[in-house]
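Colleague: Below you'll find the structure I mean.
The values are calculated or read from the model by the stated rules, or taken from the named source; none is laboratory data. Keep in mind the model is a prediction, meaning the values are calculated, not measured. When we count neighbours, we look across all protein chains shown, and the Cβ atoms used for this are built from the backbone with ideal geometry, even at glycine. In case anyone asks, the SASA skips ligands and DNA or RNA and just uses the protein heavy atoms, side chains included. Shrake-Rupley method; radii C 1.70, N 1.55, O 1.52, S 1.80 Å.
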Amino acid sequence: MRVNYYSCIFISLWLNMAQLGGQEEKEKTTALKDLLSRIDLDELMKKDEPPLSFPKTLEEFEYAFNDEGQLRHITTGEPFVFNYREDLHRWNQKRYEALGEIITQHVYKLLEKECNMTKEILPVDAAEDEPKSFIYLSEDALSNPDKLLVLIQGSGVVRAGQWARRLIINEDMNSGSQIPFITRAVEEGYGVMVLNPNENYLEVEKPAKPAAPPQPSPEGPDEPAEKRERKEEKETKKKRDFYEKYRNPQKEKETELIPIRENSSPEEHAVYVWDHFVSKSAAKDVFFVAHSYGGLSFVELMIQREAEVKNRVCAVAMTDSVHNVWHQEAGRSILDWMQEHCCNWVSSTQPLDTPVETMLPDCPRVSAGTERHELTSWRSFHSIFKFFDETLQAQDIDSRSSATVTRRSSNRIKHEEF
């Protein structure tokens, strides 16, 4: 009897606490609704925020690249400052994006003027009024009979000639751009192709929507409580969504994306450039440097053009590639080829070129000598060209050995005929 008595007391206390807890949560929700209803988010968004209009050139931004390739303020000599205006993250982000677009155009000019590269429009048969992309070619990219180097960057905002826009802005041009790779490749007798895998769409502004018809006046005090609660929840959600719009940088105008024919994704772009440019080049040996998502694009290219790639590509240097041979369903023949012809320099705490263990059965991995993903291409720069040289030397030795064996076999046959 005593056990049952205490059990009843415990259950009674638990039920009371549960009711109090539920009541407390309900009060908190009501208080939050009341707080949100008092905030005028229209005014909050406008408060102290300057117009979202920014300079169109580096000179107007009052920045320039110094002799070391570092972006510096022309008056103070200071690096770029992201938080130009305190507590205005959206405005600062828009300013950073505007500068990024200027950097992209600046890199294009360097490719054309300093690297003597020419722009090739894609698709090659594009009509005048359709969306277009482009790549850059060195003067001998298609005619060089010996070597061709193809550069593919990762995904995101980076365009032709860039590994990482953030590095160009915050560190220097050498670490963030592909220009050192292009310059050295030309000096060592390569033709060069610079791909542009993230230029996939033409972005156009949507026409303004017609004004919504006036809404009927709300119902009077006799409106059912349940319906009134649903309306309040809807209004609260609208306020929250609007607050998220304030917190997260985004475009003010609605736009739509029109895909570029046969180049609407990085993978499509890689295959298209292979079919229309790389496969038509005169080079005996083709080399790739593929960073991050560029590595995935190369693996996809190989899956779709396996025989051609094996016949033309001598070596592939990946830098922190995000490819996944299991997810991409690469066959055993591709895995075996990658083991022999690819090397992936990955972000790691280990010294440069230290072997890194992996569970994936595709290609050897070595340390890029940095833990920063975006720096892996620059830090492995010298190692990559050494890898290419060693691969060529090994190929030449194999060719000479094969030729010697062939001659001996031929002489033996002739001797036997006599």
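Colleague: In whole Hz, what ³J(HN,Hα) sequence does the stretch 64-81 give by Karplus (6.51, -1.76, 1.60; θ = phi - 60°), x for Gly and Pro?
Modeller: Result, rounded to whole Hz: 7, 8, 7, 5, 8, x, 9, 7, 9, 5, 6, 9, 8, x, 7, x, 4, 10.
Colleague: Loop-only check: which GluC sites (Glu not before Pro) in the stretch 308-368 are DSSP coil with at most 14 other Cβ within 10 angstrom? It would help to have the intermediate numbers written out before the result.
Modeller: Working: sites: Glu308, Glu329, Glu340, Glu357; in loops: Glu329, Glu357.
Answer in residue order: Glu329, Glu357.
Colleague: If you take all C-alpha pairs in the stretch 126-165, what percent of them are over 11 Å apart? All intermediate terms of the calculation are to be shown ahead of the outcome.
Modeller: On the way: 562 of 780 pairs.
Taking all Cα-Cα pairs of the stretch 126-165, the fraction more than 11 Å apart is 72 percent.
Colleague: Can you list residues from other chains, or at least 5 along the same chain, whose modelled amide H is less than 5 Å from the amide H of Gln162?
Modeller: Gln178
Colleague: According to a simple spin-label model (label point 7 Å from Cα along Cα-to-Cβ), what is the distance in nm between Lys132 and Glu60?
Modeller: 2.4 nm
Colleague: Using protein chains only and a probe of 1.4 angstrom, how many square angstrom of Asp140 are accessible, to the nearest 10?
Modeller: Counting only protein heavy atoms, the figure is 50 Å².
Colleague: Quick one: which residues, 5 or more positions from Leu202 or on another chain, have an amide H under 5 Å from its amide H? H modelled 1.01 Å from N in the peptide plane, none for Pro or chain starts.
Modeller: Ile258, Ile260
Colleague: Using a Förster distance of 25 angstrom, determine the FRET efficiency expected from the C-beta separation of Ile397 and Asp336, and round it to 0.05.
Modeller: Working: r = 21 Å, r/R0 = 0.82.
With R0 = 25 Å, the Cβ-Cβ based efficiency is 0.75.
Colleague: Could you work out how much longer the chain between Glu188 and Glu49 gets when fully extended? Use 0.36 nm per residue separation minus the Cα distance between them, nm to one decimal.
Modeller: Working: separation 139, 0.36 × 139 = 50.04 nm, distance 5.18 nm.
Full-extension gain reported as 44.9 nm.
Colleague: For the pairs Lys284/Lys310; Lys119/Lys206; Lys147/Lys280; Lys56/Lys113; Lys206/Lys253; Lys56/Lys109, flag any whose C-alpha to C-alpha distance is greater than 18 Å. It would help to have the intermediate numbers written out before the result.
Modeller: On the way: Lys284/Lys310 12 Å; Lys119/Lys206 29 Å; Lys147/Lys280 13 Å; Lys56/Lys113 20 Å; Lys206/Lys253 8 Å; Lys56/Lys109 15 Å.
Violating the 18 Å limit, Cα to Cα: Lys119/Lys206; Lys56/Lys113.
Colleague: Give me the net charge for the shell around Leu301: Cβ to Cβ below 13 angstrom, other residues only, Lys and Arg +1, Asp and Glu -1.
Modeller: On the way: positive: Arg305, Lys310, Arg312; negative: Glu267, Glu268, Asp275, Glu300, Glu306, Glu308.
Residues near Leu301 contribute -3 overall.
Colleague: Calculate the radius of gyration of the Cα atoms of the stretch 318-377 to one decimal place, then report Dmax, the largest Cα-Cα distance, as a whole number, both in Å.
Modeller: 11.6, 32
Colleague: Can you tell me the mean projection area, over all orientations, of the convex hull of the stretch 263-309's alpha carbons? Units nm², please.
Modeller: Values: hull surface 12.8 nm².
Reported value for the Cα convex hull: 3.2 nm².
Colleague: State the extension gain, in nm to one decimal, for the chain segment bounded by Glu308 and Glu232, taking 0.36 nm per residue of separation less the distance between their alpha-carbons.
Modeller: Working: separation 76, 0.36 × 76 = 27.36 nm, distance 6.28 nm.
Taking Glu308 through Glu232 to full extension adds about 21.1 nm, to one decimal.
Colleague: Over what distance in Å are the Cα centres of the stretch 371-399 and the stretch 256-319 separated?
Modeller: 19 Å
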